[in-house]
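Here's the structure, in structure tokens; my notes come after.
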Amino acid sequence: MHSRTYKKLVAKQFSPDFQLAIAIEEVPIPTPNSDEILIRNKFAGINAGFDTLLCQGTIPYVNLTPPFDLGVEAVGEVIAIGDTVPNFRVGDAVATTVRGGGYREYQVIPAHLAFKVSEAIPELLTLMPTGISALVALEQAGEMKSQETVLVTAAAGGTGHIAVQLAKLAGNQVIGTCSSEAKAQLLQELGCDRIINYHQEDLDSVLQQEYPKGINLVFDCVGGAVFNTCVEHLAVRGRLVVVGFISEYAKVPQIVSQPRIYHKLFWKAASVRAFLMPHYAEHMVAARDRLLNLFYTRKIRVAINPTPFHGIESIPIAVQYLLSGKNVGKVVVQFYR
Ligand SMILES: NC(=O)c1ccc[n+]([C@@H]2O[C@H](COP(=O)([O-])OP(=O)(O)OC[C@H]3O[C@@H](n4cnc5c(N)ncnc54)[C@H](OP(=O)(O)O)[C@@H]3O)[C@@H](O)[C@H]2O)c1
């Protein structure tokens, strides 16, 4: 028997400060319609960058007016099923990636949006959609090849540590940036060829001294000054994929005044491309299946941040934690044991 209400995190107003934008609400547990299933979320993935930008109201393709629900990926258990749902049973473990479906203890969704899995483990959150983004960004936006030099920024983060492994599996020399010994340790275990802890070494100097031919593919999650350095070090026909710009999410964008970027790119026939998962939606299913296969056959490893976050109340703390750059691997919140 479960309680008749549950808690969820809601954006009540737009604010540059995530903590000021959100509130916890207690609402009745819904009954699924005929084509829906009711899921009890066990774990949800924290996407602090996306959350912050959503609560600022600065994501152009998302047209939301507060109040709106938050969180995306979750894994959990099917609790109830609509009359016409053929392929789920109560007790099934499922993974979901519905916008607004993550930061809540229960969600009701059309059954076709749930994906049956063998067990509701947090590793799956890291693959769907975080790992999918890494794979599609590298291959489609970045046109990843073999035997090239690939640089991943925020390499020990949720997205970055999957990108590092995929670039290695494709047969590349991989450089990863990070900010601590614990992160460097993870990157070493994942086979990263050159780890740059930027609190100990200067990224620009390392690239200048050790990679005089430049970097063929940059997977940049950080933006700001790191983006500038990466553009400087692109190889001939190098590609830089803007996966995110987390260094600016909690700030007003920096106004820069300098010659247009084509002055940097043109002479090397290099390019800067941006990646946004919704614009590559047709690649999602194949990427998901490949990633799950790589995970289940132990060809890639999934790192979950060791600091535990429990319950809806911990989500604002987890968001702040991720934005402070302390995390090693994917940050997740657990709703029940
Ligand atoms: N385009 C898409 O479709 C898509 C999809 C998923 C994620 N993303 C983007 O991918 C990036 C990583 O997201 P994630 O959720 O996986 O986070 P994450 O990488 O697990 O955590 C963020 C990491 O960024 C690094 N960082 C560097 N400079 C920072 C700064 N000034 N402030 C905060 N962090 C800084 C930190 O690692 P170090 O301290 O080691 O540098 C931190 O651990 C974000 O930019 C996110 O928006 C984009």
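The values are calculated or read from the model by the stated rules, or taken from the named source; none is laboratory data. Since we're looking at a predicted model, the values are computed, not measured. Cβ: placed from backbone, ideal geometry, glycine included. Neighbour counts: every protein chain shown.
Where residues in region 290-306 are outside any loop (DSSP other than H, G, I, E, B) and either in contact (Cβ under 8 Å) with a residue 12 or more places away in the chain or under 15 Å from the mean Cα position of the chain (by Cα) (or both), which of them is nearest to the ligand (Cβ to nearest atom)?
Ranking the qualifying residues of region 290-306, first place goes to Ile304.
Could you list, in sequence order, the residues of region 68-90 that are surrounded by fewer than 13 Cβ atoms within 10 Å (Cβ to Cβ) and either within 16 Å of the ligand (Cβ to nearest atom) or of a type outside the set (Ser, Thr, Tyr) (or both)?
Those that are surrounded by fewer than 13 Cβ atoms within 10 Å (Cβ to Cβ) and either within 16 Å of the ligand (Cβ to nearest atom) or of a type outside the set (Ser, Thr, Tyr) (or both): Asp83, Pro86, Asn87, Arg89, Val90.
Within region 79-87, can one find any residue that is within 30 Å of Phe18 (Cα to Cα) and either in a strand (DSSP E or B) or not hydrophobic (A, V, I, L, M, F, W, C) (or both)? Step through it out loud before you land on a result.
Filtering region 79-87 down to residues within 30 Å of Phe18 (Cα to Cα) leaves none.
Scanning region 79-87 turns up no residue that is within 30 Å of Phe18 (Cα to Cα) and either in a strand (DSSP E or B) or not hydrophobic (A, V, I, L, M, F, W, C) (or both).
Pairs please, first residue from region 39-65 and under 16 Å from Ile22 (Cβ atoms) and of a type outside the set (A, V, I, L, M), second anywhere and within 9 Å of the ligand (Cβ to nearest atom) and in a helix (DSSP H, G or I), Cβ atoms under 6 Å, 6+ apart in sequence or on different chains.
Gly49/Ile246
Does region 319-337 hold any residues that are more than 11 Å from the ligand (Cβ to nearest atom) and free of Cβ contacts under 8 Å to residues at least 24 places away in the same chain, and which are they?
Within region 319-337, just Arg337 meets the criteria.
Of the residues that sit in region 155-173 and are out of contact with any helix residue (DSSP H, G or I) (no Cβ under 6 Å at 6 or more places or on another chain) and not small (Gly, Ala, Ser), which one is nearest to the ligand (Cβ to nearest atom)?
Across region 155-173, the extreme among qualifying residues is His161.
Every residue in region 259-278 that is touching a residue at least 60 places away in the same chain (Cβ under 8 Å) and either of a type in the set (A, V, I, L, M) or not in a helix (DSSP H, G or I) (or both), please.
Initial filter on region 259-278 (touching a residue at least 60 places away in the same chain (Cβ under 8 Å)): 273-278.
Answer for region 259-278, where residues must be touching a residue at least 60 places away in the same chain (Cβ under 8 Å) and either of a type in the set (A, V, I, L, M) or not in a helix (DSSP H, G or I) (or both): Arg273, Ala274, Phe275, Leu276, Met277.
Say whether the condition of being within 13 Å of the ligand (Cβ to nearest atom), free of Cβ contacts under 8 Å to residues at least 40 places away in the same chain and either crowded, with 20+ Cβ neighbours inside 10 Å or more than 24 Å from the chain's Cα centre (by Cα) (or both) is met by at least one residue in region 217-225.
The answer is yes; a qualifying residue exists.
Which numbered condition in (1) of a type outside the set (Asp, Glu); (2) out of contact with any helix residue (DSSP H, G or I) (no Cβ under 9 Å at 6 or more places or on another chain); (3) farther than 19 Å from Thr126 by Cα is the only one that Pro86 fails?
Unmet condition: (2).
Can you name the number of the only condition in (1) surrounded by 24 or more Cβ atoms within 10 Å (Cβ to Cβ); (2) aliphatic (A, V, I, L, M); (3) within 16 Å of the ligand (Cβ to nearest atom) that Ala182 fails?
Answer for Ala182: the failing condition is (1).
From the list Val243, Val231, exactly one residue is in contact (Cβ under 8 Å) with a residue 40 or more places away in the chain, away from the ligand (no atom under 15 Å from the Cβ) and not hydroxyl-bearing (Ser, Thr, Tyr). Which is it?
Of the residues listed, the single one that is in contact (Cβ under 8 Å) with a residue 40 or more places away in the chain, away from the ligand (no atom under 15 Å from the Cβ) and not hydroxyl-bearing (Ser, Thr, Tyr) is Val231.
Sort out which residues of region 185-213 are touching a strand residue (DSSP E or B) at 6+ places or on another chain (Cβ under 7 Å), within 13 Å of the ligand (Cβ to nearest atom) and closer than 23 Å to Asn228 by Cα, and write them in order of number.
Cys192, Ile195, Ile196, Asn197, Tyr198, Leu203 - these are the residues of region 185-213 that are touching a strand residue (DSSP E or B) at 6+ places or on another chain (Cβ under 7 Å), within 13 Å of the ligand (Cβ to nearest atom) and closer than 23 Å to Asn228 by Cα.
Counting just the residues of region 307-330 that are at pLDDT 95 or above, in a loop (DSSP other than H, G, I, E, B) and more than 16 Å from the chain's Cα centre (by Cα), which one comes out surrounded by the most Cβ atoms within 10 Å (Cβ to Cβ)?
Restricting to residues being at pLDDT 95 or above, in a loop (DSSP other than H, G, I, E, B) and more than 16 Å from the chain's Cα centre (by Cα), the top hit is Phe309.
Part of a helix (DSSP H, G or I), more than 9 Å from the ligand (Cβ to nearest atom) and either exposed (fewer than 14 other Cβ atoms within 10 Å of the Cβ) or in the same structural domain as Val243 (by TED's automatic domain parsing) (or both): which single residue out of Ala287, Ala281 fits that description?
Matching residue, one of Ala287, Ala281: Ala281.
Are any residues in region 11-61 crowded, with 16+ Cβ neighbours inside 10 Å, within 16 Å of the ligand (Cβ to nearest atom) and either among the aromatic types (Phe, Trp, Tyr) or assigned to a strand (DSSP E or B) (or both), and if so, which ones?
Matches in region 11-61: Phe18, Phe43, Ala44, Gly45, Phe50.
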